[in-house]
Amino acid sequence: MCVVPEISLFYGIKITMNWNDHVPPHFHAEYNGDMVLIDIINGSVLQGWLQKRQLKLVLAWSEIHKDELMQNWELARSHESLNRISPLI
């Protein structure tokens with residue numbers, strides 16, 4: 001089983017990023033069994049579904065932390081350890 005690095009956790013929403021993931025740069029958000037892939041650059045849903053409230057929280061968080069997410073994307077592409085990103089509070 002492959003361990004997917006958790007980079008943030010807030011309001012029950014788990015944010016992860018895979019080391020061997022496909023482009024475009026994105027991250028995964030999971031809540032209550034639902035999962036969505038979010039494009040970092042455009043702040044849009046690539047795949048999946050989250051409840052409206054949780055999706056709004058994830059999109060707001062991703063806009064605030066866009067630079068840090070891109071840094072983690074580059075680290076992931078180089079198979080380096082990812083940095084934790086502050087949760088939405």
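The values are calculated or read from the model by the stated rules, or taken from the named source; none is laboratory data. Predicted model only: the values in this text are computed from it and were never measured. Don't worry about glycine lacking a Cβ; one is built from the backbone with ideal geometry, like all the others, and counts go over all protein chains shown. Only protein heavy atoms, including side chains, enter the accessible area calculation; ligands, DNA and RNA are left aside. Shrake-Rupley method; radii C 1.70, N 1.55, O 1.52, S 1.80 Å.
Some observations on this one:
Residue by residue, here is whether (1) at pLDDT 95 or above; (2) open to solvent by less than 70 Å² (accessible area, probe 1.4 Å) holds:
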residue: P5; (1), (2): no, yes
residue: S8; (1), (2): yes, yes
residue: N18; (1), (2): no, yes
residue: I41; (1), (2): yes, no
residue: R77; (1), (2): no, no
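- Conditions (1) without any contact (Cβ under 8 Å) to a residue 24 or more places away in the chain; (2) touching a Lys or Arg at 6+ places or on another chain (Cβ under 7 Å); (3) under 17 Å from I89 (Cα atoms): number failed by I7: (1)
- All of (1) within 11 Å of the chain's Cα centre (by Cα); (2) over 15 Å from I7 (Cβ atoms) hold for H22 with one exception: (1).
- Check on N83, open to solvent by 70 Å² or more (accessible area, probe 1.4 Å) and in contact with a strand residue (DSSP E or B) (Cβ under 9 Å, 6 or more places away or on another chain): yes
- The one condition in (1) within 16 Å of S8 (Cβ to Cβ); (2) at pLDDT 95 or above; (3) surrounded by fewer than 18 Cβ atoms within 10 Å (Cβ to Cβ); (4) touching a helix residue (DSSP H, G or I) at 6+ places or on another chain (Cβ under 9 Å) that V45 fails to fulfil: (1)
- For the stretch 24-38, the set of residues classified as out of contact with any helix residue (DSSP H, G or I) (no Cβ under 9 Å at 6 or more places or on another chain) and not small (G, A, S) consists of P24, H28, E30, M35, L37, listed by residue number.
- Test result for V58, more than 15 Å from V4 (Cβ to Cβ), within 13 Å of the chain's Cα centre (by Cα) and either open to solvent by less than 60 Å² (accessible area, probe 1.4 Å) or among the aromatic types (F, W, Y) (or both): yes
- Residue list for the stretch 1-22, restricted to those being in contact with a helix residue (DSSP H, G or I) (Cβ under 9 Å, 6 or more places away or on another chain) and within 20 Å of Q71 (Cβ to Cβ): P5, I7, S8, F10, I15, M17, N18, W19, N20, D21
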